[in-house]
Amino acid sequence: MKTQQKNAHELIAQYAPQEVHYYSDPETGLKALIVIHSTALGPATGGTRFYPYQSWEVALEDALKLAQAMSYKCALAELPFGGGKGVILGDPKRDKTPQLLRAYARIVQQFNGRFTTGEEMGISADDLKIMMHETHFIAGAKGIAHDLSPVTARGVLYGLKACFQTVFGNSSLQGRTVAVQGAGKVGYHLIKLLAAEGAKIFVSDIDRRALDTVHSEFGVKIVEPPDAIYALECDAFAPCAIGGIINDTTLPLLNCKIVAGSANNQLKEPRHGDRLHEFGILYAPDYVINAGGLIAAVQDLLGGSLEKAFQETEKIYGRLLKIFELARRERLAPHRIADRIAEERLRKRH
Ligand code: NAD
């Protein structure tokens, strides 16, 4: 059954953002939206996505969802920032021109730091360099690192350790079986860290080259076909590819004790997190475990170092332990606890 697209009023009522800004520039063809979900904890930050949305409403829904997720992610990572998101409507391959990017960057500059942005789907580090001609408010501009995925991977490793500590009473990964879905930027670095910890690693990817690289460098076992990874017997399943992979189809197949990885929006719907809990599978809420890249981007904005970003990211271990303990005591799924903590922190500052 196809759900009907909500209109702008319904969407704004649902997500209750602080601000929504629409832009249309006939000269460059720019059509964009900037959503500030909350500045309760500090100025809003969030990447800009360039995507061929079917309509303004679809783009608005995506921006509202992503901006709210950024607020929750900042709140849980204890960062002095709020959630925001930019979306540009169009096909990046066809519509992305330096003139359009510069027009968008001039809008970002008008926020004067109340909104800072960075890389996202369809916006690369090279695009940000063009935007920097027009605005100071780009995360990553100070060049703390060319690629933030090693920091994200470190956070996932520490998150996995918290999961192992909770499930097995021991955080060691030595000899543990971990199934990694996706050997891209984060997956590659996570596999490298897992190999150094002595874990037994299984990997799936739809890209043969990515698999060949991790197989030859780390001797990992390849899972074929890629979807066989859901039913693989393992200690932990680490989704590091796409969202929505915990759903009605995959849930009955899972043969793991832990789900903990970098992918955004792993639960197709919140109820799927409740099902994981019922099945006795520990789930590390995605926006808590994958915050390393954001933590590094914020360090960059604050003039910090990469070393500090790694140190701050390791705190994901303690954060998850606390969430898991509350979940155990209250007999609730961990993602419900994480959402509640984020919402409380955002409310307190209003
Ligand atoms: P990436 O594009 O570099 O890697 C994704 C990999 O997943 C690719 O190798 C791709 O071929 C593979 N893949 C796609 N569909 C697949 C499938 N069905 N089965 C198996 N493999 C599949 O992306 P990334 O930067 O490594 O990010 C991975 C995930 O982590 C994404 O969901 C991203 O939103 C999230 N994330 C990334 C960062 C970061 O720092 N890069 C930070 C937070 C969250």
**Message:** Give me the percent relative contact order of the chain, please, defined on Cα pairs under 8 angstrom at least 6 residues apart.
**Reply:** 16
**Difference of contour (0.36 nm per residue) and Cα-Cα distance, residue 242 to residue 174** = 21.8 nm
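For the chain, what is the mean residue ellipticity at 222 nm derived from helices alone (per DSSP H run of n ≥ 4: -39500 (n - 2.57); sum divided by total residues; nearest 500 deg cm²/dmol)? Please report the intermediate quantities before stating the final value.
Values: 14 runs with 158 residues, N = 350.
Here the helix-only value at 222 nm equals -14000 deg cm²/dmol.
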**Request:** Please check which bits of region 245-274 a label hung off residue 227 would reach, taking the label as a point 7 Å along Cα-to-C-beta and the cut-off as backbone N under 19 Å.
**Result:** 245-256, 266-269
**Fill in**
Quick calc: nm separation of the 7 Å Cα→Cβ label points for residue 329 and residue 94 -> 5.6
**Item:** Principal-axis tilt of helix 292-301 within the chain, Cα atoms, nearest 10 degrees
**Value:** 40
**Message:** If you fit an axis through the alpha-carbon atoms of helix 316-330 and take the longest principal axis of the Cα set of the chain, what angle between them do you get, 0 to 90°, nearest 10?
**Reply:** 70
**Item:** Label-zone membership for region 73-101, site residue 314, 7 angstrom Cα→C-beta point, backbone N under 20 Å
**Value:** 77-79
**Complete:** With Cα springs under 10 Å, the Gaussian network model of the chain assigns the largest mean-square fluctuation among 107, 246, 191 to 107
**Message:** Show me, bin by bin at 10 Å from 0, the whole-percent P(r) of the chain based on Cα pairs.
**Reply:** 6, 25, 33, 26, 10, 1, 0
**Item:** Simple label model, 7 Å out from Cα along Cβ direction - residue 57 to residue 197, nm
**Value:** 4.5
**Request:** Would you work out the charge dipole size for the chain about its Cα centre, treating the Cβ of every Lys and Arg as +1 and the Cβ of every Asp and Glu as -1, and quote it to the nearest 20 debye?
**Result:** 680
**Asked** Once both labels are modelled 7 Å past Cα along the beta-carbon direction, what's the residue 9-residue 110 spacing in nm?
**Response** 2.6
**Asked** Order of 54-61, 97-104 by packing, highest average Cβ count within 10 Å first?
**Response** 97-104, 54-61
**Message:** If you fit an axis through the alpha-carbon atoms of helix 334-348 and take the longest principal axis of the Cα set of the chain, what angle between them do you get, 0 to 90°, nearest 10?
**Reply:** 40
**Request:** May I ask for the Kirkwood hydrodynamic radius of region 149-348, worked out over all distinct Cα pairs and given in angstroms to one decimal?
**Result:** 16.8
**Request:** Let me have the relative contact order for region 149-348, percent, based on Cα pairs under 8 Å that are six or more residues apart.
**Result:** 23
**Prompt:** Once the dipole of the chain is set up with Lys and Arg at +1 and Asp and Glu at -1 on Cβ about the Cα centre, which of 60, 26, 88 lies farthest towards its positive end?
**Reply:** 60
**Request:** Normalising by the residue count of region 1-125, find the relative contact order in percent from Cα pairs under 8 Å and 6+ residues apart.
**Result:** 31
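Where a number appears in this text, it was derived from the coordinates with a stated rule and is not lab data. All values reported here derive from a predicted model rather than from experimental measurement. Every residue, glycine as well, gets a Cβ built from its backbone with ideal geometry; the counts of neighbours run over all protein chains shown.
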